[in-house]
Amino acid sequence: MPIETYFLYLAAVAVFFATPPDTSQLLIISNAIRHGLRRSIWTIFGDLSANAIQMTAAAFGLAAIIATSATAFAWIKWLGVAYLAWIGLQLILSKGGAEGATAAQNGASRLYRQGFFTSLANPFAVVFFGALFPQFLNPAAPVLPQLAILGGTYLVVDGAILMLWGWLGTRAAGALRGSRFALVNKLCGTLMLAGAAMLAFKDMRPAR
């Protein structure tokens, strides 16, 4: 892969992340405020694990299956909508206090699952990776090493962005007291519900 192609890929990924926070980023912000950045790293690990699975699926052609199978796509889409809505309602109904490092012992696995399933809930991710990676592949060179470079780079950038959002969340936590925690959770939860609604109505077409 020519170095200029790699830098072009970095620029494309940077542009992709130069947007308002998505559902995964809202989740890490909320978790960082409630649990602290160190424990919320498990949420980041969950998110990146799901991304790795989606990239692998895209590399082996699942993107084409999802794009052409309306039934498979619909099932994945609506399961994702339901999960995001459930997370959003949990945040809205939570008490909102900072739980700190003394929270439940199973908190790490729960935070991991939240990050994993929130990221996995987006059925468009596999199609996105399936469309993104071929633009930067050199067909005359071995494909798997190139995919490993592109996928690994995306995970590093994504992880760094999530860490940044988590750090901003902890900084915000220092300025928040009492009922303000609940306000942040309700705001993040409402935005999560909005994300679920956008996912539900994205690319809707009249039934034939």
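Since every read-out is calculated from the coordinates, none of them should be taken as a lab result. As the structure is a computational prediction, the values presented were derived from the model and not from experiment. Quick reminder, even Gly has a Cβ in these numbers, built from the backbone with ideal geometry, and neighbours come from all protein chains shown.
The simple spin-label model puts a point 7 Å past each Cα toward its Cβ; for VAL156 and ARG113 those points are separated by 3.3 nm. Ordering of 136-148, 49-61 by packing is 49-61, 136-148, highest average first (other Cβ atoms within 10 Å, averaged per residue).
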